[in-house]
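Below is one structure, written out as structure tokens; comments come after it.
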Amino acid sequence: MFALPEKESRAPSTCPGPASTQDLDSNCGDGLERECSRKPDQKLPELYGVGDPTAGFSSNSSHLSSRGGIIKWFWDSAEAGYRTYHMDEYDEDKNPSGIINLGTSENKLCFDLLSKRLSQSDMLRVEPALLQYPDWRGHLFLREEVARFLSFYCKSPVPLQAENVVVLNGCASVFSALATVLCEVGEAFLIPAPYYGAITQHVCLYGNVRLVSVYLDSEVTGPDTRPFQLTVEKLEMALQGANSQGIKVKGLILINPQNPLGDIYSPAELQNFLEFAKRHELHVMVDEVYMLSVFEESVGYRSVLSLERLPDPQRTHVMWATSKDFGMSGLRFGTLYTENRDVATAVASLCRYHGLSGLVQHQMAQLLRDRDWINQVYLPENHARLKAAHTYVAGELRALGIPFLSRGAGFFIWADLRKYLPEGSFEEERRLWRRFLDHKVLVSFGKAFECKEPGWFRLVFSDKAHRLCLGMQRVRQVLEGKSQVAEDPPACQTQEPRDRHR
Amino acid sequence: MDETRDGEGSSQPVEAKTKAQGMSHQSDVLPCDQLRDQVIGNQSSHTQLMETLLHLRQTVDDCITQLTTRPPQLDLPLEEQRHNQATGEQEAFLRRVVNLLQSGAMWGLGLQAPRPTLGPRDDAGGGQQAQLSRQLDQLVHQLSHLEVAFVSHDLSNRGIDISAFERSKFQDFKTYQGDKYHEDKNTMGFINLGVSENKLCTDLMTERLSRSDMNHLEDALLQYSDQRGQPFLREEVARFLTYYCKSPARLDPENVVVLSGCCSVFSALATVLCDPGEALLTPTPFFGGLVMGSYLYSKVELMPVHLDSEITDGSARPFQLTVDKLEQALLEATLKGKKVRGLLLINPQNPLGDVYSRDSLEEYLEFAKRYNLHVIIDELYMLSVFDDSVTFHSVLSMESLPDPNRTHMIWGTSKDFGISGFRFGALYTHNKEVASAVSSFGFLNGISGITQYKLCRLLQDREWIDKVYLPTNHSRLKAAHRYITNKLKALKIPFLNRGSGLYVWMNLKEYLQPCTFEEELLLHHRFLGNKLILSPGKTYMCKEPGWFRLIFSDKPLPLKLAMHRFYEVLAEQKRDLRVKQLEDPQKE
């Protein structure tokens, strides 16, 4: 049953479990104690799953603490695919047969615009105050700018306050800090799955907080529904399930626009989810990191900050960053907006670990202030490029007869490759992923997003045309040679790439 | 280590920190925790809440009675100077209580309105209750301009701890920020000689950072990078440390991890080396910001190795660290049931300014090896040794490390380049496991690609560093140090004259009568009253009252004014002491 942590669902040791991306051969059953202890099988339907990010972990190190060992394992496992990619990165001139990355959600379409803007003279100011210790919440000039920016782009009915803004080095840090200040060790957040899997690590590393997946179905069940639709009923069931296992749930994480589905929540849906949270006194963390990457205008995206009235403003915390919307994941700028002063102060005190250089803070303030450039240059161009890239990849998938989800937001398409998995197992899913990698294209498989149905893949399309075309060409090659997938003998353990399909 | 900008001098008591670290909330016996639980558990019930509030009022009254009858013990936030007799646990408790009341008010359960249903504790009539409410309001008003509540129904226990820890500092900072000295605009403002920042070379840094080579931009800088840090920066850090630490062999970029500040490095390191509740030994006095670094996220404790100002048999100079003392502290910790995982050394030492000799360093490392202890060595001030006669030995300069897999070095640009606002710290460790584990924090404690590029350019520019920056920085540090120490000599104030770091560790024992931490605190507040921020020894877990740290790396003008205020306070203090001496015998 999939709701279970991997370690228990894994057969005694012959073949790797569903999470075999991450398991580098595990001697399961070692007596390592974890703070996130696992509960026995409850024989419930697959409505939810209690995450145990360390399930596949086993190690003993004479030098690390036990949590240090787990943390290192995170590093080792997360690196597996990424490392292969980094060792053989595609480069048009130097390494044309290198790996194309359609796996990392980055927008590489607008570097020209950004680099031009960031090189203008207003960006380059250096002054002593920027070189010294800042207010840990972030320089006031930046927090004021963030408040104005969010008021405008989130269409807030009232002006947002700089006092409610905390600036950190990326949304990963916002998750980490929020988890720490809202939960005790071992407590949990609900999160609709599939979801951006790295959050698991963000809330666990320092905070030791778990995620309870609210499993969504690809099946459409009624006339007004869509695949993977989140409903209050599903939230209720998952919460109940977690409670019945003795897990204390402290909050709900919503990603809107959603990653990896590219879905967005209607204001009515949002309102319902917020009401649900209020009923159960849950915090809601709304990750709106793709809010300006809605490239289909017809979609009608609404930020949670645009709602006339929040059901529980003291427990509603919004995060945004420039990583996605401004294609600057390497800049490490993220921000929290919360009316709850306790939460803001507590997060701010953790900012000594999540600080951002004063010079970069200055640049961000300049960038966010420049509405003319954003509205007249950057956003229209960015959306047009995203749309074009999306149209291309969508067309390619249609030509292959591959169903997919995408509603015109985000950088990715959630593709249904189930027809290429005869047995419909996660192991096949992983093998298909491996085959993509062997064919020099890196994509992400559904298991990494805690999707409960094997066979879904996320393809990132926000890359330059030449790389995208080559990437899709390789995807096609793999899928057209699909018959071999089923004939592969079950792998006994994670191995070096096999090259015979090339 | 990076220090908080708000002046550890006026921070919350270290004792309280240590205590908070040591206790989980289950075992935390502070009554307010129980009350908090009680209140939080019964949010829905006005009746029970009122009961609790009334109980709290009782407690507040008790506290006030105690406060007026007890001498102060511990440190206080700046803002509460006028309540400087209110101290210690009671004071903290009182604040929590008041905050609890405030959060009660925040839930819309106003304190003012008399409630028809009163709990059994309420033996007061409506009028008296209203009066009590007014008193409470006054109290709330007097105690602070609270922005946040210590006790929150939204935060986890650890969140409350984190918040509580920050709050006093935050208030300090706000006071200081709101009334900061400025040479034209606010000459009457606070001069901060409490935060260890080097402000002497901002002209050089500003000029260097404004040069065009700093503004390069390429797509890789805006994209996700290797979590350990951009390869170009790690390579440069390895080259830089090889050169400036005089490493016998070239250092390996694979052993470098860069994170957002040394606090982050230390926090990540403490987390991967120790489980919650485990401990690191550290010689004291030492820079207290690390306590926080080890505590907020990682819940790792620090066990002090107390050093003496007296020169004894085993030592040649004041506050000397010896292996005997390490052995003893380790034994004591073990007897207390503490699992000690490592030893934390700061070299050049903060606040002493001491530099360990090669032999001493070797001995400490050997000691650690004997007990399989990790050694975390913080060399944040390594290039701030401004006295040519002092030779600094980096741990990376040693021919062979006794236990290379357990030796981890931290360095950053905050102090040596006076750019604490850059948020850059680096770890150098031979232990691949430790490096990998710390790298997992690369997302949570990452540095902007643009910043990484600038840092790389800065560290690369040896010519500028060696010919322009370091000589100028050292001569300015030297001049500022000379200025301050001459003043201290004229005042006949003993101090450690060490020639490294940004601070002087001085002994104001003579101005304390009796020589207690209470008096130290009072003197500290006297400085604050005269708009001068210094750091009292208690903050450094110094076991002898009367020591203060003074930062001298500020511009001549504020420094001069600061010393004037310093002198005024001491003169005033001396007058008071004389009066006190006169009065005392009369009493008898």
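The values are calculated or read from the model by the stated rules, or taken from the named source; none is laboratory data. Every value quoted in this text rests on a predicted model; they were computed, and no experiment measured them. Please note: Cβ atoms are built from the backbone with ideal geometry, for glycine as well, and neighbour counts cover all protein chains shown. Each accessible area value is taken on the protein alone, full model and side chains, heavy atoms only, with ligands, DNA and RNA left out. Shrake-Rupley method; radii C 1.70, N 1.55, O 1.52, S 1.80 Å.
Observations on the model:
- Where a residue in region A:118-133 is facing another protein chain (nearest Cβ under 7 Å) and under 16 Å from residue B:213 (Cβ atoms) and its partner, wherever it lies, is open to solvent by 20 Å² or more (accessible area, probe 1.4 Å) and β-branched (Val, Ile, Thr), with Cβ under 7 Å and at least six apart: A:126/B:206
- Residues that are assigned to a loop (DSSP other than H, G, I, E, B), more than 14 Å from chain A (Cβ to nearest Cβ) and open to solvent by 10 Å² or more (accessible area, probe 1.4 Å), drawn from region B:184-202: B:184, B:187, B:188
- Close contacts from region B:218-235, counting a first residue that is without any contact (Cβ under 8 Å) to a residue 12 or more places away in the chain and a second that is open to solvent by 40 Å² or more (accessible area, probe 1.4 Å), with Cβ to Cβ under 7 Å and a gap of 6+ residues or different chains, come to B:219/A:111.
- Considering A:246, A:170, A:241, the condition of being touching a residue at least 24 places away in the same chain (Cβ under 8 Å), touching a strand residue (DSSP E or B) at 6+ places or on another chain (Cβ under 7 Å), at positive phi and among the small types (Gly, Ala, Ser) is satisfied by A:170 alone.
- Any pair with Cβ under 7 angstrom, 6 or more apart, that starts in region B:454-476 at a residue that is at negative phi and ends at one that is among the hydroxyl-bearing types (Ser, Thr, Tyr): B:455/B:413
- For region A:136-160, the candidate set comprises residues that are assigned to a loop (DSSP other than H, G, I, E, B) and free of Cβ contacts under 8 Å to residues at least 40 places away in the same chain; within that set, the residue that is surrounded by the fewest Cβ atoms within 10 Å (Cβ to Cβ) is A:158.
- Qualifying residue in region A:114-122 (condition: closer than 14 Å to residue A:359 by Cα and under 25 Å from the mean Cα position of the chain (by Cα)): no
- Residues of region A:338-349 that are more than 7 Å from every other protein chain (Cβ to nearest Cβ) and open to solvent by 10 Å² or more (accessible area, probe 1.4 Å): A:339 alone.
- Residue A:367 modelled with pLDDT of 95 or more, open to solvent by less than 10 Å² (accessible area, probe 1.4 Å), more than 7 Å from chain B (Cβ to nearest Cβ) and closer than 20 Å to residue A:106 by Cα: yes
- Region A:86-103, residues that are buried (at least 20 other Cβ atoms within 10 Å of the Cβ) and either part of a helix (DSSP H, G or I) or among the hydroxyl-bearing types (Ser, Thr, Tyr) (or both): A:90
- Among (1) facing chain B (nearest Cβ under 9 Å); (2) more than 15 Å from the chain's Cα centre (by Cα); (3) open to solvent by 20 Å² or more (accessible area, probe 1.4 Å); (4) not aromatic (Phe, Trp, Tyr), the one test that residue A:217 misses: (1)
- Test: residue A:284 is without any contact (Cβ under 8 Å) to a residue 40 or more places away in the chain, within 14 Å of another protein chain (Cβ to nearest Cβ) and within 18 Å of the chain's Cα centre (by Cα): yes
- Matching residues in region B:251-268 - criterion: being of a type outside the set (D, E, K, R), more than 9 Å from every other protein chain (Cβ to nearest Cβ) and touching a helix residue (DSSP H, G or I) at 6+ places or on another chain (Cβ under 7 Å): B:251, B:253, B:255, B:256, B:257, B:258, B:266
- Test: residue in region B:426-440 that is buried (at least 24 other Cβ atoms within 10 Å of the Cβ), in a helix (DSSP H, G or I) and either more than 7 Å from every other protein chain (Cβ to nearest Cβ) or of a type in the set (Phe, Trp, Tyr) (or both): yes
- The residues listed here are B:359, B:416, B:387; of these, the one that is out of contact with any Phe, Trp or Tyr (no Cβ under 9 Å at 6 or more places or on another chain) and in a loop (DSSP other than H, G, I, E, B) is B:387.
- Number of residues in region B:388-400 that are in contact with a strand residue (DSSP E or B) (Cβ under 8 Å, 6 or more places away or on another chain) and either buried (at least 17 other Cβ atoms within 10 Å of the Cβ) or within 14 Å of chain A (Cβ to nearest Cβ) (or both): the value is 4.
- Selected residue (only one of A:352, A:279 is free of Cβ contacts under 8 Å to residues at least 24 places away in the same chain and within 14 Å of chain B (Cβ to nearest Cβ)): A:279
- In the set (1) within 14 Å of chain B (Cβ to nearest Cβ); (2) closer than 26 Å to residue A:179 by Cβ; (3) touching a residue at least 60 places away in the same chain (Cβ under 8 Å), residue A:320 fails one condition alone, (1).
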